[in-house]
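Peer 1: Pasting a structure here, questions to come.
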Amino acid sequence: MTVFKDLKSQWSNQNKVEIPEDGAKKILEKIALVRKKQQISNVVLGLTAVVLIAFFFYVSAYKFQTVMIGLLMMIGALVLRIGIEILSLRRLKNMNVATTFEKFKQQMIGYYEKRKKVHFIATPIIILIYCFGFVLLLPAFKESLSVGFYNYIVVSSIVLFVVLSLFIAREVKRELLGLRELQR
């Protein structure tokens, strides 16, 4: 019987989690913001894929094996990332917001844990595939473009890669902060 009294005592001495009055509203706003960011990412990735597909046919890439492989790798990497983001959006949409705070919190923690895997496993692989595809295109660019324009493409792609990497790192950091907040 003392075990029961000890448990009852521990239960009543727990810190009570205070849920703000507008907590549900804040949660829904946060989900909407996450969903909007992922949709924007998909639009940007989709437009990039469309441009690459148009470029594929414009330069008749199917006639040149290296160019074709490079462009298909780049397009494939973008399509893969879009697919991952669509699955992530679907998971976010299917969350039960009408459940208890603790259950919803656990759903969000699970969501962010999966996002960590996306950011630290899938994203680096996708970026490497995309970059490798681009590197396969460089000899064709060097052969068919002027030296100045070729150098412009190389330098601008490095700058773009650095800027994109910083942007991705910032977004990953934000999601990790969201996970840490939930785990408190």
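The values are calculated or read from the model by the stated rules, or taken from the named source; none is laboratory data. Just so it is clear, the structure is predicted and the values come from calculations on it, not from any experiment. Please note: Cβ atoms are built from the backbone with ideal geometry, for glycine as well, and neighbour counts cover all protein chains shown.
Peer 1: May I ask you to list pairs of residues, at least six apart or on different chains, whose Cβ atoms are under 6 Å apart, with the first in the stretch 113-132 being within 14 Å of Leu80 (Cβ to Cβ) and surrounded by 15 or more Cβ atoms within 10 Å (Cβ to Cβ) and the second being modelled with pLDDT of 90 or more and hydrophobic (A, V, I, L, M, F, W, C)?
Peer 2: Note: pairs meeting the criteria are Val118/Ile84; Ile126/Ala77; Ile126/Leu80; Ile129/Met73; Ile129/Ala77; Tyr130/Met74; Tyr130/Ala77.
Peer 1: Which members of the stretch 110-142 meet the condition of being of a type in the set (A, V, I, L, M) and more than 16 Å from the chain's Cα centre (by Cα)?
Peer 2: Listed by number, the residues that qualify are Val135, Leu136, Leu137, Leu138, Ala140.
Peer 1: State whether the residues of the stretch 164-182 include one that is small (Gly, Ala, Ser) and closer than 17 Å to Ile75 by Cα. Before you say what the answer is, go through the steps one by one.
Peer 2: Our first condition is that a residue be small (Gly, Ala, Ser); within the stretch 164-182, this holds for 165, 169, 178.
Within this subset, residues satisfying the condition of being closer than 17 Å to Ile75 by Cα are none.
No.
Peer 1: For the condition under 14 Å from Val67 (Cα atoms) and at pLDDT 90 or above, what is the one hit in Phe120, Phe132? Full working, then the answer.
Peer 2: Working: Phe120 fails: under 14 Å from Val67 (Cα atoms).
Exactly one residue qualifies, and that residue is Phe132.
Peer 1: Please verify whether the stretch 54-74 includes one or more residues that are free of Cβ contacts under 8 Å to residues at least 12 places away in the same chain, of a type in the set (A, V, I, L, M), crowded, with 16+ Cβ neighbours inside 10 Å and touching a helix residue (DSSP H, G or I) at 6+ places or on another chain (Cβ under 6 Å).
Peer 2: Checked the stretch 54-74: at least one residue is free of Cβ contacts under 8 Å to residues at least 12 places away in the same chain, of a type in the set (A, V, I, L, M), crowded, with 16+ Cβ neighbours inside 10 Å and touching a helix residue (DSSP H, G or I) at 6+ places or on another chain (Cβ under 6 Å).
Peer 1: All but one of (1) exposed (fewer than 14 other Cβ atoms within 10 Å of the Cβ); (2) assigned to a helix (DSSP H, G or I) hold for Val97; which doesn't?
Peer 2: Status for Val97: all satisfied but (2).
Peer 1: For Glu102, only one of the following conditions fails: (1) surrounded by 13 or more Cβ atoms within 10 Å (Cβ to Cβ); (2) part of a helix (DSSP H, G or I); (3) not polar (S, T, N, Q). What is its number?
Peer 2: The single condition Glu102 does not satisfy is (1).
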